[in-house]
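The values are calculated or read from the model by the stated rules, or taken from the named source; none is laboratory data. Since the structure is predicted, the reported quantities are computational estimates derived from the model, not experimental observations. Cβ placement follows ideal geometry from the backbone for every residue including glycine, while neighbour counts extend to all protein chains displayed. SASA here: full protein model, heavy atoms, side chains in, ligands and nucleic acids out. Shrake-Rupley method; radii C 1.70, N 1.55, O 1.52, S 1.80 Å.
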Amino acid sequence: AGMPAPPPDIPFFTGAIEAGAGAETVTFDAWRDQSLLNSMEAGGIDWPSSCRNGTCRTCLGQLVAGRVHLAAEWPGLSADEVALGYTLPCVAQPLGDVCLRRAD
C-alpha cells in the first residue's frame with residue numbers, strides 16, 4: 001500500500017507556499033533529509049516557529065499537496081487535523097513535492 005518511494009538520487013523536492021488570494025506562490029528546495037521548516041528557512045522563507053520539536057504548534061500549516069513523514073511520534077496534532085492535511089513543518093520531512101498553506 002502507498003506510493004513508491006522517489007528515487008534516492010534526488011536530494012530534494014520542490015516545496016511551495018500557497019500565499020492566499022492574489023499573492024504569488026513561493027517555492028523552495030524541500031530537502032528529503034531535513035524538516036520542511038529547515039528547508040523553508042534555508043530558502044529565505046519567513047515561517048512562524050518556536051519549539052522545533054512538534055509540540056507548540058506555532059509552525060502549524062496545511063498540506064495542500066504532497067505527503068510528509070512526521071519525525072515526531074506524538075506531534076501536537078489531533079486525528080481530525082491530520083485528516084484535514086494539517087502538519088507541523090518543524091518535524092515534517094517531504095516524501096515528494098509538497099505545497100503548504102499557512103494555518104492562520
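Things to note:
- Candidates in region 70-104 are the residues that are of a type in the set (Asp, Glu) and assigned to a loop (DSSP other than H, G, I, E, B); of these, the one that is nearest to the chain's Cα centre (by Cα) is Asp97.
- The set of residues from region 50-70 being surrounded by 18 or more Cβ atoms within 10 Å (Cβ to Cβ) and more than 25 Å from Asp9 (Cα to Cα) comprises Gly54, Cys59, Leu60, Gly61.
- Number of residues in region 29-43 that are of a type outside the set (Phe, Trp, Tyr), open to solvent by 20 Å² or more (accessible area, probe 1.4 Å) and either part of a strand (DSSP E or B) or modelled with pLDDT of 95 or more (or both) equals 6.
- Pairs with Cβ under 7 Å, 6+ apart, first in region 68-89 and among the β-branched types (Val, Ile, Thr), second in a loop (DSSP other than H, G, I, E, B) and open to solvent by 30 Å² or more (accessible area, probe 1.4 Å): Val68/Leu95
- Residues being in a strand (DSSP E or B) and touching a Phe, Trp or Tyr at 6+ places or on another chain (Cβ under 8 Å) - total across region 52-69: 3
- Listed by first and then second residue, the pairs linking a residue in region 51-64 that is closer than 19 Å to Leu95 by Cα to a residue that is open to solvent by 60 Å² or more (accessible area, probe 1.4 Å) and among the aliphatic types (A, V, I, L, M), with Cβ atoms under 8 Å apart and 6 or more places separating them unless they lie on different chains, are Gly54/Ala71; Gln62/Leu84.
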